[in-house]
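No lab work stands behind these numbers, since they all come straight from the coordinates. Owing to the predicted nature of the structure, the values given are computational and were not obtained by experimental measurement. With ideal geometry, Cβ positions are generated from the backbone for all residues, glycine too; neighbour counts draw on all protein chains shown.
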Amino acid sequence: MNMIVCVKQVPDPEAPPASFQVDAASGRMVIAPSVNPVISPFDEQAVEAALRLKDAHGGKITVLSLGKDAVPHVIKKPLAMGADELILLQDDALEGGDSWSTAFALAHAIKKIGQYDLIFCGRQAADWDAGQVGSGIAELLGVPSVTLARKVEVSDGKAVVERVVPDGYEVVEVSLPALITVSNELGEPRYPTLRGIMATKKIEPIVWTAADLGVEASQCGVAGRRTRLLKLFKPVKEGRCQLIQADSPAEAGEKLALKLREAKLL
Amino acid sequence: MNFELGEEHIALRRLVRDFAEKEVAPIAAEVDASGQFPEGVVTKLGELGLLGLPFPEEYGGGGADELSYAILLEELARVDCGLGLSVEAHISLGGSPLNRWGTPEQKRRWLIPLAQGRMMGSIGLTEPEAGSDLGGISTTAALDGDEWVINGNKCFITNAGAGSHGLVNVLTVTGQREDGRKEYSIIIVPRGTPGYEVSEPRQKLGLHSSDTRDLSFTDCRVPRENLLGERGAGYRQALAVLDEGRFGIAALGVGLSQACLELSLQYARERKQFGKPLFDFQVIQFKLADIAINVELARLITYKAAVLCQEGKPYTKEAAMAKVFASEVAVRAAEEGVQIHGGYGYMSECPLSRFYRDAKLLTIGEGTSEVQRMVIARHLP
Ligand SMILES: Cc1cc2nc3c(=O)[nH]c(=O)nc-3n(C[C@H](O)[C@H](O)[C@H](O)COP(=O)(O)OP(=O)(O)OC[C@H]3O[C@@H](n4cnc5c(N)ncnc54)[C@H](O)[C@@H]3O)c2cc1C
């Protein structure tokens, strides 16, 4: 089975909120240098989903990532976890894209890879949280997609996916090839092993440019954007504390419940 | 000169830090209070390949260099120095002698399970009457047919009872040399061998999660082929093992000091007195700056010793310098860390109080600070 996992390097979303500032004038994020780059956590879960299938059925996992600033020890982590190959899309022309132009470049790279049964993406990237790229790739490739997977099993040329819904999960069957986006309910991704880290050191990523993908510069990156960011700002959060006065705990509980219902929280 | 770590070193640090924060930090206070050896965590370290880190791949190891080893210990000690010491003793004192002098058969039998974490390794040098003066040991091993018969006592042995399976490399007196001096040899004794008893765990000031016991050998018989390397090479082997162990202890000191720095810095920024954060008082800033200077220097000499070792260059002096400096830095960093935390720092619930107790061993184990200074002085040009 051939699997492709799309991963994105992002600033560590666990870093303290104060490390992320907005430069209102340019509409850009300013990220403190102390923030480490990591693989977007949902993407690590996508890698984990592929690894579980590889454990069960064997196969090859190709990791695909777009971004010029990829740091070797970060972007190679999926290899140290057990993936087989890493392809980096690195080209000035591919930078600064939106969900559309990113999906466009990734879809072309996947076409160039050629052989695949399953494509995995994280449900959304932990930096912009748009959650569009996965479905976009599926659309461009003309393959079915199932979003928000918490479990994926494969048999007889089909995948059975448990898909997270607000009050539980639904089970979806899909023919292969297909694209699946993975949610955090899948569970913790495995740690890389020492052996994996040592072996990964010797693996050189394959690097493709826009020309390698056969796409025009005007179709990708900034030039290929179909959306424009109008305003970027930090929402002002206000905390107000209201004390519920009552004579007994039971009465306090009741009053609190009524307040919460009034606020449409219950 | 280049101070950049390799890609694999950074990836390894990320892995161990991640692991230590997720799997070790939540239980560190608990195993400190109970004195339980954290077998579950150690098993997981084995599964990740970390317990065989520097050993060859053919013997279940990771084939990584000494710098990687220092990083592993540093990151473990940053969260739990007791676990760090267990791993250090397991690798430097248990597995490493086998890796250096073991026969292929001995390595297959013991190095592989050690590297995979299915067995815990230890070394038995110290005796009730012989610590710094290793030559003064009196445990004997006599050949009787095809067996060594071992008699004597060892004390304060790390990992002696850790995990379900284990072995100890025992330094023994195996006879007299022609010049009349004692002949020393190291013999491998698997736990469970009749005549080999381990005591209950010793109660200690700190490092409670690390397993420390006394050993007694009473007509304990092991096959002749359990001799490690050459007969008569034991003393030289023991000194070589300690050389390597030294930057291991140094790395533990670096990690522990780093933890004290990070925790104290955070506390100083959050805790307010006289209307401002402690950090705004220059006295506190200077304490933090001093810890930071010392951690940085301790790390540099530790990494230097590690790199010299992996390049096959002489490193005895640098390893001794790293050991004495980093361990003394750790003791100071922990003390100042407690001071910065004030009364809270003295409470058991504050990790600083644990680091304060744990740090002291580092100036004693595997050669005291005094012994390190003797070694350094001997190597001065
Ligand atoms: C937690 C823990 C774990 C340990 N694990 C192990 C282990 O796994 N295996 C093992 O074999 N041992 C182990 N040890 C023992 C340790 O290596 C010894 O305690 C250490 O080497 C010191 O020996 P000693 O305790 O006999 O002290 P001593 O040698 O009696 O020293 C007492 C003091 O005298 C000083 N001193 C001694 N000789 C001189 C001299 N010539 N000049 C100046 N000062 C001197 C020392 O520096 C020290 O300050 C462990 C100890 C502890 C506490």
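Residues that are away from chain B (no Cβ under 14 Å) and of a type outside the set (Asp, Glu): which helices (runs of 4 or more DSSP H) entirely in the range A:155-266 hold 3 or more of them?
Numbers: elements: A:194-201, A:210-213, A:249-262.
Where helices (runs of 4 or more DSSP H) fall fully within the range A:155-266 and carry at least 3 residues being away from chain B (no Cβ under 14 Å) and of a type outside the set (Asp, Glu), they are A:210-213, A:249-262.
Taking the range B:55-66 as the range and being of a type in the set (D, E, K, R), without any contact (Cβ under 8 Å) to a residue 60 or more places away in the chain and away from chain A (no Cβ under 12 Å) as the test, only B:Glu58 passes.
Of the residues in the range A:107-118, at least one is within 29 Å of B:Glu47 (Cα to Cα) and away from chain B (no Cβ under 14 Å).
Picking from residues in the range A:22-37 that are out of contact with any Asp or Glu (no Cβ under 8 Å at 6 or more places or on another chain) and without any contact (Cβ under 8 Å) to a residue 24 or more places away in the chain, the one that is farthest from B:Ile10 (Cα to Cα) is A:Ala25.
Please count how many residues of the range B:332-356 are crowded, with 20+ Cβ neighbours inside 10 Å and either within 15 Å of the ligand (Cβ to nearest atom) or assigned to a helix (DSSP H, G or I) (or both). Show your work before the answer.
We begin by selecting, within the range B:332-356, every residue crowded, with 20+ Cβ neighbours inside 10 Å; these are B:333-334, B:336-338, B:340-341, B:345, B:350-356.
With either within 15 Å of the ligand (Cβ to nearest atom) or assigned to a helix (DSSP H, G or I) (or both) added as a condition, the list becomes B:333-334, B:336-338, B:340-341, B:345, B:351-356.
The qualifying residues number 14.
Given the criteria more than 14 Å from chain A (Cβ to nearest Cβ), within 16 Å of the ligand (Cβ to nearest atom) and surrounded by fewer than 24 Cβ atoms within 10 Å (Cβ to Cβ), does B:Glu311 qualify?
On the way: more than 14 Å from chain A (Cβ to nearest Cβ): yes; within 16 Å of the ligand (Cβ to nearest atom): no; surrounded by fewer than 24 Cβ atoms within 10 Å (Cβ to Cβ): yes.
Against the criterion (more than 14 Å from chain A (Cβ to nearest Cβ), within 16 Å of the ligand (Cβ to nearest atom) and surrounded by fewer than 24 Cβ atoms within 10 Å (Cβ to Cβ)), B:Glu311 does not qualify.
If B:Gly367 satisfies all but one of (1) on the phi > 0 side of the Ramachandran plot; (2) within 12 Å of the ligand (Cβ to nearest atom); (3) part of a helix (DSSP H, G or I), what's the number of the condition it fails? It is condition (3) that B:Gly367 fails. Hey, does the range B:70-88 have a residue that's more than 20 Å from B:Ala259 (Cβ to Cβ) and either within 14 Å of chain A (Cβ to nearest Cβ) or assigned to a helix (DSSP H, G or I) (or both)? No; the residues of the range B:70-88 include none that is more than 20 Å from B:Ala259 (Cβ to Cβ) and either within 14 Å of chain A (Cβ to nearest Cβ) or assigned to a helix (DSSP H, G or I) (or both). Quick check, is B:Gly52 within 14 Å of chain A (Cβ to nearest Cβ) and more than 12 Å from the ligand (Cβ to nearest atom)? Considered against the rule, which asks whether it is within 14 Å of chain A (Cβ to nearest Cβ) and more than 12 Å from the ligand (Cβ to nearest atom), B:Gly52 comes out as yes. Summed over the range A:39-67, residues that are β-branched (Val, Ile, Thr) and without any contact (Cβ under 8 Å) to a residue 60 or more places away in the chain total 3. Note on the range A:12-84: enclosed strands (runs of 3 or more DSSP E) holding 3 or more residues that are within 21 Å of A:Gln124 (Cβ to Cβ), under 19 Å from the mean Cα position of the chain (by Cα) and more than 14 Å from chain B (Cβ to nearest Cβ) are A:60-66.
Sort through B:Glu147, B:Glu127 and tell me the only one that's more than 14 Å from chain A (Cβ to nearest Cβ), away from the ligand (no atom under 16 Å from the Cβ) and among the acidic types (Asp, Glu).
On the way: B:Glu127 fails: away from the ligand (no atom under 16 Å from the Cβ).
Answer to the check: B:Glu147.
Yes/no matrix, rows are residues, columns are (1) touching a helix residue (DSSP H, G or I) at 6+ places or on another chain (Cβ under 9 Å); (2) under 20 Å from B:Glu335 (Cβ atoms):
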position: B:Val254; (1), (2): yes, yes
position: B:Ser264; (1), (2): yes, yes
position: B:Leu278; (1), (2): yes, yes
position: B:Gln285; (1), (2): yes, yes
position: B:Val295; (1), (2): yes, yes
position: B:Ile301; (1), (2): yes, no
position: B:Lys304; (1), (2): yes, no
position: B:Leu308; (1), (2): yes, no
position: B:Gly312; (1), (2): no, no
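Taken over the range B:1-24, residues that are surrounded by fewer than 17 Cβ atoms within 10 Å (Cβ to Cβ) and facing chain A (nearest Cβ under 8 Å) amount to 3.
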